[in-house]
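One structure below.
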2 protein chains.
Amino acid sequence: MDTRSTHFLVELWEIERERLDSVPDVRRALLEAARHAGVTVLHSAFHKFNPHGVSGVVVIAESHISIHTWPEAGYAAADIFTCGDRAMPERAAEYLPEAFDAGHVELTKLTRGIRQVASQPRQAKNVA
Amino acid sequence: MDTRSTHFLVELWEIERERLDSVPDVRRALLEAARHAGVTVLHSAFHKFNPHGVSGVVVIAESHISIHTWPEAGYAAADIFTCGDRAMPERAAEYLPEAFDAGHVELTKLTRGIRQVASQPRQAKNVA
C-alpha cells in the first residue's frame, strides 16, 4: 500500500482585491483547478467572511484542494493535496495563478506519507 | 494587514486500523482538535472510501483542519491551518496523535503568507 501523496503549497500574491472577495469567482477557480488535475470532486464548501475574505475547500476522491484569501493584501494561500498515480496536481498548481491573474507566485511541492524509520541503535563493539 | 498563518503538517503512523476507518471516530477527533485549538467551526465534511479510508475537512473561521487516512497502512495525514493570534494550532497538533493513539508522529510547522520581495537590482558603481 503506497501512502505517498503530493502536497502543493501555493502562495499567490498581487491579485486584484475583487477576485479574492467573491465566492463565485473563488468557487469557479477551485473547481476548475480540480478539473485540470483530473480529480473527482466529492464535496465543496465556501465561506465569505465579513468584512472580507473567502475560504474554500473541495474534498476530492484523491484528498483535497483548499484556499484562503486576504483580499485587502492581494494574497491567497492554496493547497493541492492528491494521492494516487492518476491525479495531475501540478496542472492545478499551474492553473491557479492564471485563474487569479496573480502577479507573484511561490510554489512548494511536498511528498507526504514517507515513513521515517528510526535507525537501529548501534551496539558498542567488543574489543577482543 | 497581517497575512501570516500557521500550517502544521501532521504525519501520524502506527495507528490501529479500525480507528482510521470510522467516520464517527475521525469526525470526533477533528472536532475535538478544533476545540483544543480554540477555533470556530463553520462547516465540516467527511467521506468514507470503499474499501477503506476516510477524508475529513473542517472549515474554521481561522482556515481549516483536514485529515486523510490509510487504515491498511496505519497512517493518516493531517493539516492544521490557522490565522490570527488567538488560535492555538499547536494544541490541536498535540491532541491528534493522542486522539488516534499514534505510535509514531512527524510534525512540521510552516509559516504561510510571508511575502518574498525580490531584492533591488544592484547598480554598478561609477568609478571616479
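The values are calculated or read from the model by the stated rules, or taken from the named source; none is laboratory data. Please read all numbers here as calculations on a predicted model, not as lab measurements. Positions of Cβ are generated from backbone atoms using ideal geometry, with glycine treated the same way; all protein chains shown enter the neighbour counts. Ligands, DNA and RNA are stripped out before the accessible areas are found, and what is left, the full protein with its side chains, is counted by its heavy atoms. Shrake-Rupley method; radii C 1.70, N 1.55, O 1.52, S 1.80 Å.
Any idea which residue in the range A:1-22 is least open to solvent (accessible area, probe 1.4 Å), counting only those that are closer than 14 Å to residue A:75 by Cβ and assigned to a loop (DSSP other than H, G, I, E, B)? So the residue we want is A:15.
Inside the range A:23-55, residues that are surrounded by fewer than 17 Cβ atoms within 10 Å (Cβ to Cβ), among the aliphatic types (A, V, I, L, M) and assigned to a helix (DSSP H, G or I) make up a count of 2.
Would you check if residue B:107 is open to solvent by less than 20 Å² (accessible area, probe 1.4 Å) and more than 22 Å from residue A:75 (Cα to Cα)?
Criteria not met by residue B:107.
Among what's in the range A:56-93 and is at the interface with chain B (Cβ under 7 Å from one of its Cβ atoms) and among the aliphatic types (A, V, I, L, M), pick the residue that is surrounded by the fewest Cβ atoms within 10 Å (Cβ to Cβ). Ranking the qualifying residues of the range A:56-93, first place goes to A:73. Against the numbered list (1) under 18 Å from residue A:63 (Cα atoms); (2) within 11 Å of another protein chain (Cβ to nearest Cβ), residue B:110 comes up short only at (1). Going through (1) modelled with pLDDT under 95; (2) closer than 20 Å to residue A:58 by Cβ one by one, residue B:1 falls short only on (2).
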